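S.K.: Here it is: the structure, laid out below.
Readers should treat all values here as calculations from the given coordinates under stated rules, not as data from a laboratory. Everything quoted here is computed from the prediction, not taken from an experiment. Glycine also receives a Cβ, built like all others from the backbone with ideal geometry; neighbour counts cover every protein chain displayed.
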Amino acid sequence: MIEMLGVLAIVGILSVGAIAGFQKAMRKHKINKLTEQYTLFIQEYLLKYKGEWARMHRNNGVYIASYLEKLGLPAGWKRVNDTNIIDSMNNRFSPNTGYAGFSHVGFDLLIQVAEANTQNELCRQFISNVILPFKEDIYRMWLYQRSSSKLFWYGTPQCSGNRNCLSNMTFQDIEDFCSSCFAKDENCSIAVYF
């Protein structure tokens, strides 16, 4: 009888561990899928039509969520108003043109995942797997927090002088960038313009 209870206890512990491992694997899968969606989205919608977006704003910033919806959003994404799109992990994404300077198209990504460790992981993966591969196309990336901008990083064409260059960004730089906001439970957006 006692041996049976011991066996049941071991099985219970293993089950809890398996569930935790499964949840972690699913979180990683969702983040990987989302970074793939953003990569394709940037490539097929923002960069492919960059010239058209630049002509749209005519010296005034324009939010382009409704236009992007007409082109077709990735699976699980939806436009909630003229300004915002919600991605498959419920993060707010505000695509626009003309706000960061003449002829730039870009977006603000407000990472709204409830768990802080998932926010940090999504931020790290987003920069590593979405932003850095586009460093030749990016004008500037920065963190927008409580009405102030900080931690500016520049794409290769804009990188000169003492600017932080995406081409030189290290894993520690990515960690510092992401933890400067998301570790403090603050409302932050990653702004990226091409």
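S.K.: Need the list of lysines near residue 30 for cross-linking: C-alpha distance under 20 angstrom, and skip anything on the same chain fewer than eight residues off.
M.R.: By straight Cα distance, residue 30 reaches 78.
S.K.: Size of the range 32-95 along its principal axes in angstrom, Cα-based, largest extent first?
M.R.: 35, 23, 16
S.K.: OK, next. Compute the distance in nm between two label points, each set 7 Å from the Cα along the Cα-to-Cβ direction, one at residue 54 and one at residue 137.
M.R.: Taking the simple label geometry, residue 54 and residue 137 are separated by 1.4 nm.
S.K.: Sticking with this one: Greater than 19 Å separation of Cα atoms is the criterion. Which listed pairs, 28/48; 50/70; 28/70, meet it?
M.R.: From 28/48; 50/70; 28/70, over 19 Å: 28/48; 28/70.
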